[in-house]
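The values are calculated or read from the model by the stated rules, or taken from the named source; none is laboratory data. Just so it is clear, the model here is predicted, and its values are computed rather than measured. As a convention, Cβ positions derive from the backbone with ideal geometry for all residues, glycine included, and neighbour counts pool all protein chains shown. Side chains are part of the model used for accessible areas, which takes the heavy atoms of the whole protein and leaves out ligands, DNA and RNA. Shrake-Rupley method; radii C 1.70, N 1.55, O 1.52, S 1.80 Å.
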Amino acid sequence: MFGGIGYYANERIFAIADDDMLFFKVDEDSRAAFVAEGMQPFQPMGPETKPMAYYAVPARLFDDADELKMWVERAVAVGMKTWKRSAR
C-alpha cells in the first residue's frame, strides 16, 4: 500500500505514519477540523496524486493528551464506520 506504518484498533485502520508524520483517517464530518487547523491530506506519491482520506495531525495535539485522545477516538470511529460500509 505505502512505505509507512498503519495503526489499527479493533482490526480497523485509523491512522498511518509516513516520513515522520502522523495522519488520522477522516470522513466528511471530521475533515473540517483538520482543514481548520491548516492540515494537509496524505498523498503517498506527492502532490500529483489523489489525496487519501487521511489528514496530518496538528502538532499542538501532542502537547495536550486529553484533546489528542478525542481526535484519536474520532479517527477510530471513522475507521469503524468506513469498514462497515465497505464490508457490505
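Screening L68 with (1) assigned to a helix (DSSP H, G or I); (2) open to solvent by 70 Å² or more (accessible area, probe 1.4 Å) gives one miss only, at (2).
Check off (1) farther than 13 Å from A15 by Cα; (2) not in a helix (DSSP H, G or I) for Y55 and give me the number that stays unchecked. Unmet condition: (1).
Reported count of residues in the range 3-17, each being out of contact with any helix residue (DSSP H, G or I) (no Cβ under 8 Å at 6 or more places or on another chain) and either of a type in the set (D, E, K, R) or open to solvent by less than 50 Å² (accessible area, probe 1.4 Å) (or both), is 5. Looking only at residues that are closer than 16 Å to V72 by Cβ and assigned to a loop (DSSP other than H, G, I, E, B) in the range 30-52, which one is least open to solvent (accessible area, probe 1.4 Å)? Result: S30.
Applying the criterion of being over 9 Å from the mean Cα position of the chain (by Cα) and of a type in the set (A, V, I, L, M) to the residues of the range 18-43, the residue that is nearest to F62 (Cα to Cα) is M21. Each residue in the range 18-30 was checked for being of a type outside the set (S, T, N, Q) and closer than 17 Å to K69 by Cα, and 5 of them qualify.
If only residues of the range 18-29 that are touching a Phe, Trp or Tyr at 6+ places or on another chain (Cβ under 7 Å) and not aromatic (F, W, Y) are counted, the one that is surrounded by the fewest Cβ atoms within 10 Å (Cβ to Cβ) is D18.
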